[in-house]
Amino acid sequence: QECDAWFVNTDRDYRRYDDSLRRVETEMGLMNQRSAEAGRTMRYCLSACILMADTDAQANEIAAGYMAQLERDPTLKSASSGVGAGIVGSPRTVLERLRQYQSLGIDLFLLQFYPMREGLDAFAERVLPELTFERARTAVG
């Protein structure tokens, strides 16, 4: 079986951002070794839930409330995995953390936001203009 892209795993606790970075770096290193042995090159992806507010403290309060909601409603459990990427904070912190993941080799992000509409709008206005992206590679031509 062949695969060109892999979604990396993070810690499930948003407060363990540094642990998630180390885990991602380790797992990507192992996958690079395996794919090189097979003559392949991998792309890396991250599924993340962005929780952003004006300050890191406010964002952490939002994250705590979101996690409490996920604990109460088991139908939302799968949504909690994206929170483990630790992209929680002010726009500056969110930008720094996304750049940190990019520096490890993540070149595709599957993002969700909480609250969805407000989070997406704030991200589009306050973070997205500061990000840089390489042109996405495609599997065909």
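In the range 74-87, the residues that are farther than 9 Å from SER47 by Cα reach residues that are at pLDDT 70 or above and surrounded by fewer than 22 Cβ atoms within 10 Å (Cβ to Cβ) with C-beta atoms within less than 6 angstrom, at least six apart or across chains, in these pairs: LEU76/LEU70; SER80/LEU70; GLY84/ASP11; GLY84/ARG12; GLY86/TYR17; ILE87/ARG97.
When THR26 is tested against (1) touching a residue at least 40 places away in the same chain (Cβ under 8 Å); (2) exposed (fewer than 14 other Cβ atoms within 10 Å of the Cβ), only condition (1) is not met. Checking each residue of the range 67-89 against the condition of being on the phi > 0 side of the Ramachandran plot and either assigned to a helix (DSSP H, G or I) or surrounded by 16 or more Cβ atoms within 10 Å (Cβ to Cβ) (or both) gives at least one match.
Where residues in the range 27-66 are in a loop (DSSP other than H, G, I, E, B) and of a type in the set (D, E, K, R), which of them is nearest to GLU125 (Cα to Cα)? Per the stated criteria, the residue is ASP54.
Flag set for LEU110, criterion: modelled with pLDDT of 90 or more, within 16 Å of the chain's Cα centre (by Cα), more than 17 Å from ARG16 (Cα to Cα) and exposed (fewer than 14 other Cβ atoms within 10 Å of the Cβ).
Scanning the range 56-66 for residues that are open to solvent by less than 30 Å² (accessible area, probe 1.4 Å) and not small (Gly, Ala, Ser) gives a single hit, TYR66.
Out of all the residues in the range 34-55, which are loosely packed, with under 15 Cβ neighbours inside 10 Å and farther than 25 Å from ALA5 by Cα? Matches in the range 34-55: ASP54, THR55. Looking only at residues of the range 2-26 that are out of contact with any strand residue (DSSP E or B) (no Cβ under 9 Å at 6 or more places or on another chain) and not in a helix (DSSP H, G or I), we find that the one that is farthest from ALA64 (Cα to Cα) is GLU2.
Note on the range 94-129: residues that are in contact with an Asp or Glu (Cβ under 7 Å, 6 or more places away or on another chain) and either touching a residue at least 40 places away in the same chain (Cβ under 8 Å) or outside any helix (DSSP H, G or I) (or both) total 2.
The values are calculated or read from the model by the stated rules, or taken from the named source; none is laboratory data. Nothing here was measured: the structure is a model prediction, and the numbers come from that model. For neighbour counting, all protein chains shown are included, and Cβ atoms are generated from backbone atoms with ideal geometry for every residue, glycine included. Only protein heavy atoms, including side chains, enter the accessible area calculation; ligands, DNA and RNA are left aside. Shrake-Rupley method; radii C 1.70, N 1.55, O 1.52, S 1.80 Å.
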